Each structure stands twice: as structure tokens, then as C-alpha cells.
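A short worksheet on the structure shown next.
Derivation of every value follows stated rules applied to the coordinates shown; laboratory data play no part. Values in this document were obtained by computation on a predicted structure and should not be read as measured data. As a convention, Cβ positions derive from the backbone with ideal geometry for all residues, glycine included, and neighbour counts pool all protein chains shown.
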Amino acid sequence: MSEYSKRASELRAQIERHNREYFVEDAPVIPDADYDALVRELRALEAEHPEVRVEGSVSEGVGAPAAPTFSPVVHVERMLSLDNVFDADELRAWSDRVARGLGLDAASVAFAVEPKIDGLALAITYVDGVYVQAATRGDGRVGEDVTRNVRTIRGMPLSIGAAGRIEVRGEVFLANEDFERLNAAQRERGEREFANPRNAAAGSLRQKDPRVSASRPLSFLAYQLVGDESAYATYDETIRQLSDWGFLTAAQLVVVTGVEEMVARSSLFETHRHDLGYQIDGAVIKVNDLAQRRVLGTTSRAPRWAIARKFAPEERSTRLLAIEVSIGRTGRATPYAVLEPVSVAGSTVALATLHNEDQVRLKDVRPGDLVIVRKAGDVIPEVVARIPEDGVARGAQWHFPTACPECGGALVRREGESDTYCVNPACPAQLMQQVIHFASRGALDIEGLGEQRVAQLLRERLITDVADLFRLRAEDLAPLEGFGEISAAALVAGIDAARAQPLSRVLVGLGIRHVGPVAARALAGALRTYDALASADLDVLEAVEGVGPVIAASIYRYVREPEVIERVARLREAGFSLAEPEPERSATSQALAGRAVVVTGALEGYTREEAEAAVVAAGGTSPGSVSKKTYCVVVGESPGASKLARARELGVPLVAGEDFEYLLTMGVWRNIVA
């Protein structure tokens, strides 16, 4: 056997095993990106060395055979997979092939672009408008009968206005908020948490007992109509029909003409991949004209008229080299992984959090293990799990240290808590993180005071507390390395300007446990001064809207700590008013007084933080979730599906994003989103 044949056999065996783990057992052990790499390697090997090809190679397969647990269902029309591309150039090359196949200029082809949801493919059959059957994709020809389970999915139409046999295809998924709630319930019961929404959704649906499926907050997103497409000319018409029948569809679907608009739209989904409310791993591009699709046809495994543009992977495998501990501004000791550098989500990751002692023990990761690391957007990279390696000896189990690695003080785990803390208030690591946070954009917003500058000031012993910042003089800084007269004067000016910041910003900067920007604004708005806050009883703090017992207890303890009393006194001496200015009483500023407005999706001219601040400036509140008390939900570009569904469920008005400024001014809206 040649080396090429041997490698091809190894790859097929690995891919078959991973197919079984992913499609049948709903328990994959490697990230999608690693699986894609194996398939790409096998296809390239078979293309370059045709002699290694075998009949029925997994490189041309779709999914995996149906599990014997469920009754088999033969699909009337094969459920194909999608071919993948991984960058804009590959996408352009695909569009050129489409244009050639149609005998057209690529600039004239209309493409439908939509998010590629990461769920479990499903085919649902209706006969004369009545729901009769649901089946998983299986191997594309034969799937699994999950009819009883799918019936329990919330919002699933059990009847539609259609005659004859209709098949609706789409994905079963868990919205991000539902996934978090499901895992929270798992934790409360002391049961194993789900690794990701896709596996949780697949495992929840593929249950022998439909009551288990019914207990899980599953959703279904429809994206294909089979059996009645002759009545429609374009794909977007079929999606509108599915929506009219009551199915959830991708509200972000847009039809564009020409290659560059199509590429730009798919890139936009990558930019906003975390704004949709559910997980996506790419964008799907389809020829919109159904007659053109018939001309293009399909291969044995995928349509020629559609492609998936996969985004930079957010999970990769790499080697865990060591486990260390870092100390944060509150003294919290966080274990983190030192990794062999790996590219994840477009950046190189060499460090990843392990959260706390319990998580290290639960995941049982040890130095030397092969592990999965995840990085989603701006979220800190984390180690998700280890990948078992047959025949590989593992290192010793890691144990949490008892002494702080920075100051040598005791590390203490408080009763009833999962976190461990350095209890030495003079710990230099705590002080550095406190000053960095105090100066950060979300707190006092001191320009030019980043991590390197803070470290330098601490090394030079110019500060030992955040209050020391306000005693610095330009002549103290100018002789230091990296400073000059101009830069020293600029930093001092930035520090001086921070004295005018309101109480809400100061509360954020102090880094009080559990108190973020929303709680800080609520407390400062209700109590107006630090003195009123410091003297308030627990019941007064708890009565502030948006402040519950946990935040109230944290504030109550914090303001009574001796070092805090001293720090606040020094800030007052430095010129801080420690008060919250009265809001302007113009008609515009109070248009949303007492009203909760949720913003979902991107609004033109506003970042998410700016939109929330605008609501607050207009007298309202901007919570992160929809409830019965929500006045309205403002819907921008690429909104969160779970927020939309929750608003519709509760009857909360959905306001068009273009009405946002009118809402801020008038307190009402002009346009409602269907």
C-alpha cells in the first residue's frame, strides 16, 4: 500500500468516526474546523491521486446513517449537504462557475444571502395542510422518524393553508438565551452541562420520550419548501410563503444582484454573527431564481446553485502546555491555560481561561492534554474540553494552589462559592487591575492610562491606590521612560478631567462586585449622592429598580470596608463631587420616562452602548431582555431571534429601527415590524 493510500484510509476512518459521533451520538469530540480540515485533505488527496479513490468514499457522503433507535424515513427528495468556501476569493470563484453554468454575466445573477444557522437539519411533511411527519436528514436518503418530538416544538405550525403533499425543511436549534437557561437548569440539578447549542438541540430532539423534547426550549427555522416550488418564481417568494404559514424564517435574508454585493452581504454576517440571538457558523448564498436552479442542477452530495461561506472557526484544537493562576482586581484567582498558539476566530490564541477550580476538575484537563479552545467575538478565549487520545499517557491531575502567585498571601475559597480569592488587600496584582479598570472607557475614561502606563506608575511607586492618580504632577511624569513634557501634561490633564465624572461612573470605576454600568446608573439615579448610598439600609438598596438582594448586599458590605472609606475620602479631597447630576428636564430628554426599551440588532449611527445610553438619557431604562414590563423592542439590522420571539409571545410592540430617534424624542413610534 502506498503512503497516499495509507493516508487516505486513515482519513476515511477518522471521518467515519467523527460522522458517527456528530450525527448519530450528538457528541462530537473535535471542533468543526478540525473536521473540515480532514475532509479537505481527503478530497485533495483523492483529486491529486485518483488511484486512492474508493467507491462510496466519505468525502462524497452526506451526514451519517440513521440511528436504529428511531424508525427509518425515506426522503421523497434527497436532503443534500452544502459545499463550503472559506473566503471571499473562493466565493467569487463559485459565483463565476454559476454564471458560466447559466451562460450569464455574474454581475446580473440575483443571489439570496442568509445566515447559516448551526442546528439539526429536519424535513417536516404536511398533507392537505395537516402535519403528518418529521424526519432528520440521516444520510440524505434515509432519516429518523422524530414526528412526536417535533410536535412539541414551540411555535411549530401543526396546520398550514396548502393542498397536497408539502415538505418544509429547516433547522432545529436553541436560541442563545434558551441555551443559557437550559444549562443553568442543568447546573441547579447537578447534571452535566451541554457543550454548545447545536449538540443540545440535537440531543433534545432525538429522545425516545417526547416529554423530554417538550421540556427543552427548542425552535425551528424554515429555509426550504419542497413539493410546491412550481407555484413560485423565486426563493424569497417561498420564504415569504413559509413565514405567512407561521414558520420562523431568517429575517436577515436579503436578495442582492451581482457578485460584490453578495460578497459584502456575506461578510456583514460575519461581523454581526453574535447579534442574531442564535449561533451561526457562516452565510448561505443561493441563486434566487428557481428556474435557474433547475438549469444548474446538483452533484451527488450538494446543489450547484448554493454554497456555504464558512466563517473563521471559533473552536480549534491545540495542546495544553500548563495551567497557571491570575489575580483580578477583586482578588479573584482565575486558572488559565497556557496553550500552543492556535488561530481561532481570526486571531492567535495562546492563553485561555479555565474559569475556576470546579471547572478544571469537571473538565479534567491536565498539562499535556489535547484540548478544544473557543473564542467567540470579543469574549475571552476558554478551554471547552479535552480530546481523548487513545494510547497516550496523561499527566498528573492539576490542583489549585493555596498561595497567591503574586504576593504569597493565602488563597481562600469562600463557603458556598465557586471562586477562590487572594485575601491580601495589598496584593500588587489586585492593585494593578483596580487602577486599569478605574481608568477604563466604561468607568472614568482616562485617556492614555492603559495597562503599560499603570504598570510603570506602580513600578516607580508613584501610586499605591486609585486615589493617588489625582496627586500626580506633570513634573513627576516627564522624566520617566516614554514620557516627555507634552505627554506628561496630557496624561495629567486627562486625570484632572475625570474629577468631573458623575457618581454612576465612579461606582463603575470602584469595581464593586456585581455592580456593572446598568446597576450603577440605577443606584446613582435613585440615591443621587455617595453619602446617601453609603448610609442606605439594605431594604432601601433592594427597592431600587434593577437592584436585587445580591447587588444590594454587595454594595452594603463594600461601603463599610475601612479601606473603601479611606479611598472615598481621598477621592472627595481630590475634588470629586460623588453626586449624580439631575437629568435635563427638556421634553426630549424625558420622552421615555419610566419606560423599558429593549434594542436588538444594529441601528444606523449608534453602537449598542450608545443606543442604550440614548434610551437612558431620554428617561428610560434599557434592560438586556424582554419582559411583560417592556414598553417596546426597537428592531435594527440583524436582530436577535430570541428577543423577537419573546416580544411576540408577550405582545410587546416591535418598533422599526428607523423610528429610534423619533421614539427618543416623542416617546411613541410610527412604524411597527410585522
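Calculated FRET efficiency, ASP465 and ALA617, Cβ-Cβ r, R0 30 Å, to nearest 0.05?
Numbers: r = 32 Å, r/R0 = 1.08.
With R0 = 30 Å, the Cβ-Cβ based efficiency is 0.40.
If I stretch the segment between ARG513 and ALA493 completely, what's the gain in nm (0.36 nm per residue apart, minus their alpha carbon distance), one decimal?
Details: separation 20, 0.36 × 20 = 7.20 nm, distance 2.93 nm.
Taking 0.36 nm per residue and subtracting the Cα distance, the gain is 4.3 nm.
I want to check the label-to-label distance for TYR662 and GLU191. Put each point 7 Å from Cα in the C-beta direction and report it in nm to one decimal.
Those two pseudo-labels are separated by 4.7 nm.
Suppose only helical runs count, i.e. DSSP H with n ≥ 4. What mean residue ellipticity at 222 nm does that imply for the chain under -39500 (n - 2.57) per run, divided by all residues and rounded to the nearest 500 deg cm²/dmol?
Values: 24 runs with 233 residues, N = 674.
Theoretical 222 nm ellipticity from helices: -10000 deg cm²/dmol.
Let me spell out the model: positive unit charges on the Cβ of Lys and Arg, negative unit charges on the Cβ of Asp and Glu, origin at the Cα centre of the chain. What dipole size does that give, in debye rounded to 20?
On the way: 77 positive and 96 negative charges, 270 e Å.
In total the dipole reaches around 1300 debye.
Quick one: in the stretch 73-310, what % of C-alpha pairs are over 27 Å apart?
On the way: 10173 of 28203 pairs.
For the stretch 73-310, the share of Cα pairs beyond 27 Å comes to 36 percent.
Express the C-alpha Rg of the stretch 122-169 as a ratio against the empirical globular expectation 2.2 N^0.38 Å, rounded to two decimals.
Values: Rg = 10.5 Å, N = 48, 2.2 N^0.38 = 9.6 Å.
Working it through for the stretch 122-169, the quotient is 1.10.
If you rank ARG595, ARG40 by fewest surrounding Cβ atoms within 10 Å, what's the result?
ARG40, ARG595
Sort 184-191, 233-240, 492-499, 200-207 for me by packing, meaning the mean count of neighbouring Cβ atoms within 10 Å per residue, highest on top.
On the way: 184-191: 10.1, 233-240: 18.6, 492-499: 16.8, 200-207: 23.1.
With the highest mean Cβ count within 10 Å placed first, the list reads 200-207, 233-240, 492-499, 184-191.
Provide the per-residue ³J(HN,Hα) series for the stretch 72-83, in order, calculated from phi with Karplus coefficients 6.51, -1.76, 1.60 and θ = phi - 60°, each as a whole number of Hz, with x at glycine and proline positions.
Per-residue couplings from phi come out as x, 10, 8, 6, 4, 10, 3, 8, 7, 9, 10, 6 Hz.
Reported to two decimal places, what Rg/Rh ratio describes the chain when computed on Cα atoms with Rh from the Kirkwood expression?
On the way: Rg = 28.5 Å, Rh = 28.5 Å.
On the Cα set of the chain, Rg over Rh gives 1.00.
Just to be sure I understand: of the beta bridges DSSP finds with both ends in the chain, what percent are antiparallel, rounded to 5? Spell out each step's value before the answer.
On the way: 75 of 88 bridges.
So the antiparallel bridges in the chain amount to around 85 percent.
On a straight-distance basis, which lysines could pair with LYS375 in a cross-link, Cα separation under 18 angstrom, same-chain partners fewer than 8 positions away excluded?
Here the lysines satisfying the reach criterion relative to LYS375 are LYS310, LYS363.
If you take every DSSP beta bridge whose two residues both sit in the stretch 73-310, what share of them, in percent to the nearest 5, is antiparallel?
Working: 43 of 46 bridges.
In the stretch 73-310, DSSP labels about 95 percent of beta bridges as antiparallel.
Multiply the residue separation of ILE486 and ASP364 by 0.36 nm, subtract the distance between their alpha-carbon atoms, and state the gained length in nm to one decimal. Provide the component values of the computation, followed by the final result.
Working: separation 122, 0.36 × 122 = 43.92 nm, distance 5.26 nm.
Gain on stretching ILE486 to ASP364: 38.7 nm.
With a Förster radius of 56 Å, plug the Cβ-Cβ distance of THR257 and VAL540 into 1/(1 + (r/R0)^6) and report the FRET value to the nearest 0.05. Intermediate values should be presented prior to the final figure.
Working: r = 61 Å, r/R0 = 1.09.
According to the calculation, E is roughly 0.40.
Which ³J(HN,Hα) values, rounded to whole Hz and listed in residue order, are derived for the stretch 349-365 from phi using the Karplus coefficients 6.51, -1.76 and 1.60 in 6.51 cos²θ - 1.76 cosθ + 1.60 with θ = phi - 60°, glycine and proline given as x?
Whole-Hz 3J(HN,Hα) from phi for the stretch 349-365: 10, 10, 10, 8, 6, 10, 6, 7, 4, 5, 5, 4, 5, 5, 7, 6, 9.
Please find the FRET efficiency linking SER5 to ARG148, where r is the Cβ-Cβ separation and R0 is fixed at 51 Å, and quote it to the nearest 0.05.
Values: r = 46 Å, r/R0 = 0.90.
Here the calculated transfer efficiency is 0.65.
Going by average Cβ neighbours within 10 Å, how do the peptides 643-654, 457-468 rank, with the highest at the top? Intermediate results must be reported in sequence, preceding the final value.
Values: 643-654: 17.8, 457-468: 15.8.
Descending packing order for the listed peptides: 643-654, 457-468.
Using square roots of five times the C-alpha gyration tensor eigenvalues, list the equivalent-ellipsoid semi-axes of the stretch 459-534 in whole Å, biggest first. Before the final figure, lay out the partial values.
Values: eigenvalues 193, 31, 21 Å².
Values for the stretch 459-534, descending: 31, 12, 10 Å.
Remind me, relative contact order of the chain in percent, using alpha carbon pairs under 8 angstrom and six or more residues apart? Walk me through the numbers on the way to the answer.
Details: 1237 pairs, mean separation 63.8, N = 674.
Relative contact order for the chain comes out at 9 percent.
Running Debye on the stretch 559-674 with equal point scatterers at the Cα sites and no solvent, what base-10 log of I(q)/I(0) appears at q = 0.10 Å⁻¹?
With no solvent term, the Cα-only Debye profile gives -0.40.
Which whole-number percent is the relative contact order of the stretch 529-674 (Cα, under 8 Å, 6+ apart)? Let's see the in-between values first.
Details: 190 pairs, mean separation 28.1, N = 146.
Relative contact order, the stretch 529-674: 19 percent.
Once you have the alpha carbon radius of gyration of the stretch 315-420, what is it after dividing by 2.2 N^0.38 Å, with N set to its residue count? Before the final figure, lay out each step's value.
On the way: Rg = 14.1 Å, N = 106, 2.2 N^0.38 = 12.9 Å.
That ratio works out to 1.09.
Please give the Cα centre distance for the stretch 543-574 versus the stretch 205-253, rounded to the nearest Å.
Rounded to whole Å, the Cα centres lie 51 Å apart.
Once you measure Cβ to Cβ distances between cysteines in the chain, which Cys have no partner under 4.7 Å?
So, CYS632.
Ranked from highest to lowest mean number of other Cβ atoms within 10 Å per residue, what is the order of the peptides 412-418, 117-123, 81-87? Don't jump to the answer; show the numbers that get you there.
Values: 412-418: 10.3, 117-123: 23.0, 81-87: 17.1.
Highest-to-lowest ranking by the protection proxy: 117-123, 81-87, 412-418.
Name the residues whose placed amide hydrogens come within less than 5 Å of the amide hydrogen of TYR421, ignoring near sequence neighbours (fewer than 5 apart) on the same chain.
ALA333, VAL412, ARG413, ARG414
Could you derive backbone 3J(HN,Hα) for the stretch 657-664 from the dihedral phi with the Karplus parameters 6.51, -1.76 and 1.60 (θ = phi - 60°), listing whole Hz in sequence and x where the residue is Gly or Pro?
x, 5, 8, 4, 5, 5, 4, 4
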